[in-house]
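Structure, as structure tokens:
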Amino acid sequence: MVASLPNDAVHDGLTSAEARTLLALHGPNVLPEKPLPSWWQVGLRQLRSPLIYILAAAAVVSVLIGHVHDAGFIGVVVGLNALIGGVQE
């Protein structure tokens, strides 16, 4: 791109007319904005953690051995963790 500019433009900058021409030709010098993720994508991303997998396994084991209250408590903790992490993100 620099090679296509006149020599004086490299050292002195563009004139207003050259800048308008390049702006009309190539558009403004801005990066496209990435769309924000939806709330459910943020929530699912919070659940992608080895610690969450361990807690989920512990909840399943708790249910299997009859400690449903413990499994419920683990589920509440995982849910709160996802909620707080999603809000912070």
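Derivation of every value follows stated rules applied to the coordinates shown; laboratory data play no part. Nothing here was measured: the structure is a model prediction, and the numbers come from that model. Here Cβ is always computed from backbone atoms with ideal geometry, including for glycine, and neighbour counts include all displayed protein chains.
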For segment 23-49, give me each residue that is exposed (fewer than 12 other Cβ atoms within 10 Å of the Cβ) and either within 19 Å of the chain's Cα centre (by Cα) or touching a residue at least 12 places away in the same chain (Cβ under 8 Å) (or both). LEU31, PRO32, GLU33, LYS34, PRO35, LEU36, SER38, TRP39, TRP40, GLN41, ARG48
Hey, could you check segment 50-77 for residues that are assigned to a loop (DSSP other than H, G, I, E, B) and not aliphatic (A, V, I, L, M) and say which is surrounded by the most Cβ atoms within 10 Å (Cβ to Cβ)? HIS67
Can you confirm whether LEU80 is surrounded by 10 or more Cβ atoms within 10 Å (Cβ to Cβ), out of contact with any Lys or Arg (no Cβ under 7 Å at 6 or more places or on another chain) and without any contact (Cβ under 8 Å) to a residue 24 or more places away in the chain? yes
